[in-house]
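Coordinate-derived values only; no laboratory data. This structure is a prediction, so every number in the text was calculated from the model and none was measured. All Cβ positions, even for glycine, are placed from backbone atoms using ideal geometry, and neighbour counts span all protein chains on display.
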Amino acid sequence: MSKSTSLPGFPTVKVSPRGAARLKDGHVWVYRSDIVSTDGVPPGSLVVVADHRGQVLGTALYSSSSQIAIRLISREPVVDFPALLRQRIADAIAYRELLIHDTNAYRVIFSEADFLPGLIVDRYNDVLSMQILTQAMDAEIVRESLLTALSDKLHPASVVERVDPRVRQLEELPPRPSGLLQGEQISTIFSMNGVQFHFEALEGQKTGAFLDQRENYAAAAQYAHGEALDVFCYQGGFALHLAARCSHVSGVDSSRPALEVADQNASLNHRDIEWIEASAFDLLKDYAHSGQHYDTIIVDPPAFAKTKRDLDAAMRGYKELNLRALKMLRPGGVLVTCSCSYRVTQTDFLGVLADAARDAHRSLRLTEVRGAAKDHPMLLNIPETAYLKCVIASVSN
Ligand code: SAH
């Protein structure tokens, strides 16, 4: 696989008029159903993409098994792939240097949004955590370029690879364990907005923390007051940020390991936070019935709509959670509510909140409508990159 990507004279993949239109519209994906011919193209190859008439549209990474068969990497011919990778990595790092302050934990490379489809690299202080999501990015030549470029620029103590076995299965890649790629350090402490967090590189969800919420934590903390409830708190991202402003903070999550880290994080920051292990749906129902009230409520559930089929159920889930939260907020209270399902658009999400407000007989004033932090860039022509919504609203009467 690695060899095919390094050879000049890449094979050509022809795409249908619909596939070509998608690329011309600025997207970088072509689905398998829009591929006309891939005769003899090895898995993970760099390929020339052409329309049905043979007009060249660019150079792409090819997957022989994913439904996303083509991920365009350049609209130009690619002569030296490792050099292109080095340049893209350097550009991604330079982009963060301009934008990222108040943290030593951020996403260094975000796949399509950094023109490196299938590659994610997160920095947690001195530890880098990377994920490889496609056949092409799994090639040795890519791994080598990546490690060299990241080490030269960021000088991490260690680099860890986090493997999602399901992704490797879907990409028909041989299984491999998560583990260290360089160095020996697997834990560290990172900080964002002056709050400190424990990081265990080989444990936890995603590559560690929810870095995309970093700026939303700081925004939420600006308005938070009184008694606060952080629902779906994970390792305490929002709760720890609220603790400086609120008289009492409780965090709820169904994952005991997440709450254990949350508690260690509270100690690290000398904060007193109550952690509750419970199903958020059950707890909100009980609390709403027993007349519990709060001044600040955070609702940050996992992605409910992973596929199109889940969309209706997801909308019902968002509605129920937000309805209950709204009923529990005191007048003047603050709701910070999020959705990380890209299939639920910002318009959909605001619609659900409007329905919930109507049913709860509350008026919601929008304070801020936010997205992911700037190190998770959104590409306007790739809607999948605009997945996170974070609405901050004030509740009257
Ligand atoms: N707000 C967090 C991220 C939340 S991720 C942060 O900023 O770091 C979603 C969390 O929801 C995960 O921690 C997961 O354990 C938890 N979760 C999933 N289903 C749940 C349920 N039914 N009840 C409570 N927590 C749940």
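Considering only residues that are within 12 Å of the ligand (Cβ to nearest atom) and within 16 Å of His198 (Cα to Cα), which ones fall in the stretch 261-281?
Across the stretch 261-281, the qualifying residues are Val261, Ala262, Asn265.
Across the stretch 244-279, what is the total count of residues that are aromatic (Phe, Trp, Tyr) and either over 21 Å from Asp295 (Cα atoms) or without any contact (Cβ under 8 Å) to a residue 12 or more places away in the chain (or both)?
0
Go through the stretch 153-262 and tell me which helices (runs of 4 or more DSSP H), entirely inside it, have 1 or more residues that are among the acidic types (Asp, Glu).
The qualifying helices (runs of 4 or more DSSP H) are 214-223.
For the stretch 181-237, which residues satisfy the criterion of being of a type in the set (D, E, K, R) and surrounded by 23 or more Cβ atoms within 10 Å (Cβ to Cβ)?
Arg214, Asp230
Among the residues of the stretch 241-254, which ones are of a type in the set (A, V, I, L, M) and within 9 Å of the ligand (Cβ to nearest atom)?
If the condition is that a residue be of a type in the set (A, V, I, L, M) and within 9 Å of the ligand (Cβ to nearest atom), then Val252 is the only one that fits.
Six or more apart or on different chains, Cβ under 6 Å: which pairs go from a residue in the stretch 281-297 that's closer than 24 Å to Ala314 by Cβ to one that's within 13 Å of the ligand (Cβ to nearest atom) and not in a helix (DSSP H, G or I)? Could you list them?
Every condition considered, the pairs that remain are Leu283/Val252; Ile297/Leu229.
Here is a list: Ala60, Ala50. Which entry is of a type in the set (Gly, Ala, Ser), farther than 22 Å from Leu379 by Cα and surrounded by 13 or more Cβ atoms within 10 Å (Cβ to Cβ)?
Unique residue meeting the criteria: Ala50.
Could you pull out the residue among Pro257, Pro301 that is touching a Phe, Trp or Tyr at 6+ places or on another chain (Cβ under 7 Å), within 13 Å of the ligand (Cβ to nearest atom) and of a type outside the set (A, V, I, L, M)?
Just a single option satisfies the conditions, and that option is Pro301.
Can you tell me which residue is nearest to Phe110 (Cα to Cα) among those in the stretch 214-231 that are in contact with a helix residue (DSSP H, G or I) (Cβ under 6 Å, 6 or more places away or on another chain) and within 9 Å of the ligand (Cβ to nearest atom)?
Only one residue tops the list, namely Tyr217.
Out of all the residues in the stretch 63-90, which are surrounded by 21 or more Cβ atoms within 10 Å (Cβ to Cβ) and part of a helix (DSSP H, G or I)?
Once the filter is applied, which keeps residues that are surrounded by 21 or more Cβ atoms within 10 Å (Cβ to Cβ) and part of a helix (DSSP H, G or I), the stretch 63-90 yields Phe81, Leu85, Ile89.
Given the structure, is Tyr31 in contact with a strand residue (DSSP E or B) (Cβ under 9 Å, 6 or more places away or on another chain), farther than 14 Å from Ala136 by Cα, of a type in the set (Phe, Trp, Tyr) and surrounded by 15 or more Cβ atoms within 10 Å (Cβ to Cβ)?
Taking the combined requirement at face value, the residue satisfies it.
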